[in-house]
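See structure below.
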Amino acid sequence: MIPFRQLSYIVAVADYGSISAAAENLAISQPAISAAIQKVEDEYQLKLFIRERPHRVVLSPVGRRFIARARRLLENAQEFDDDARNLRQALKGVVEVGCFLPTAAFIVPIILRGLRERGFDISLQVHEADLDEINLMLTQGRIDVALTYNMHPSPGIEFETLIEAPPYVLLSKDDPLANQTSISLAQLADRDMVALNLPITQQFFLSLFSQANLNPRIKHQAKSYELVRSLVGAGEGYALLIMRPVNERAYDGSELVYVPLSDDVPAPQYGLALTNRSIPTKLIEAFANVCRETLKSERSAENYLVQLPNGSIVGRGLNNRTDP
């Protein structure tokens, strides 16, 4: 393929009508332009120019068609170059965001509202996935940034905590434990459990029991957050989850309750994840700043965190960080 620079030399000759005039305007030597013409004519077996009089050339019929195509190619290349350079500065466009599947419905609307309120013309292409898939998408460069939990990230991923919230117990309102202000893992160990069966997530919840030398009794497993809620609402057992909807009903209308754990368990960290190889564009930086402002500074996700018996919101202590 002929380099764009040599094509630009030939277009300049066509514009100025002579090699000498083109060389003067481009501030290069005449032999360099002559060599470019020769190379292109040899490469494509075309005669582009006809000598009209000393030092002046005109395009041949095939040369006119060649120059028209070369000019379009160079214009497109310049437009591409300008667009590529503006990517670093642009505050308008699409951000490819990975989001941990069970949290997307809670978090993404908050971020979109924050972007809109700040006047950013930024769209999100949301990739909902489990923790393993998000780690893979980040390391493979398929997404720009992720909103996820800091649970066993790949070595090349950098994480910034925005929310911390210990898990809670989800129960049917008719469950005998539903009226307690808090529940211990020991109280749950001999009862039927509905487990959220996602990679890494399930291991985290099961580790809470193993650290207390307990073994949970798993009755059902489901990958869907809403199916877990529906099974609990149907009286099939309890579940351990982290974020909670504002409403307290399952799909069929059965009532649910959210009860804090009384055990001293690690608080999963939720926030921003990027690869340490990435150089964030202005677009990504703007998105990340809105995430920080809405989730950390303004605490816009507090409605989705379970209250402790004293009425305080779980997850306010971002200084006491724990990596589950």
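The values are calculated or read from the model by the stated rules, or taken from the named source; none is laboratory data. Since we're looking at a predicted model, the values are computed, not measured. Positions of Cβ are backbone-derived with ideal geometry, glycine not excepted, and every protein chain shown enters the neighbour counts.
Observations on the model:
- Which numbered condition residue 142 misses (of (1) of a type outside the set (Phe, Trp, Tyr); (2) modelled with pLDDT of 95 or more; (3) part of a loop (DSSP other than H, G, I, E, B)): (2)
- Count of region 1-33 residues which are touching a Phe, Trp or Tyr at 6+ places or on another chain (Cβ under 9 Å) and not aliphatic (A, V, I, L, M): 2
- Condition check for residue 169: in contact with a His (Cβ under 7 Å, 6 or more places away or on another chain) and under 20 Å from residue 243 (Cα atoms): no
- Leading residue by the ranking (modelled with the lowest pLDDT) among those in region 254-297 that are within 27 Å of residue 138 (Cα to Cα) and among the charged types (D, E, K, R): 277
- Residue in region 14-22 that is surrounded by 18 or more Cβ atoms within 10 Å (Cβ to Cβ) and of a type in the set (Ser, Thr, Tyr) present: yes
- Residues in region 190-215 that are closer than 14 Å to residue 232 by Cβ and in contact with a helix residue (DSSP H, G or I) (Cβ under 6 Å, 6 or more places away or on another chain) were compared, and the one that is surrounded by the fewest Cβ atoms within 10 Å (Cβ to Cβ) is 195.
- Only one of the numbered conditions (1) out of contact with any Lys or Arg (no Cβ under 8 Å at 6 or more places or on another chain); (2) part of a helix (DSSP H, G or I); (3) surrounded by fewer than 18 Cβ atoms within 10 Å (Cβ to Cβ) is violated by residue 1, and that is (2).
- Restricting region 270-288 to residues that are assigned to a loop (DSSP other than H, G, I, E, B) and out of contact with any Leu (no Cβ under 8 Å at 6 or more places or on another chain), the residue that is nearest to residue 160 (Cα to Cα) is 276.
- Residue match in region 39-46 (condition: touching a residue at least 12 places away in the same chain (Cβ under 8 Å) and surrounded by fewer than 13 Cβ atoms within 10 Å (Cβ to Cβ)): yes
- Failed criterion for residue 92 (all others in (1) over 30 Å from residue 137 (Cα atoms); (2) in contact with an Asp or Glu (Cβ under 8 Å, 6 or more places away or on another chain) hold): (1)
- Hey, residue 267 in contact with a Pro (Cβ under 9 Å, 6 or more places away or on another chain) and in a loop (DSSP other than H, G, I, E, B) or not: yes
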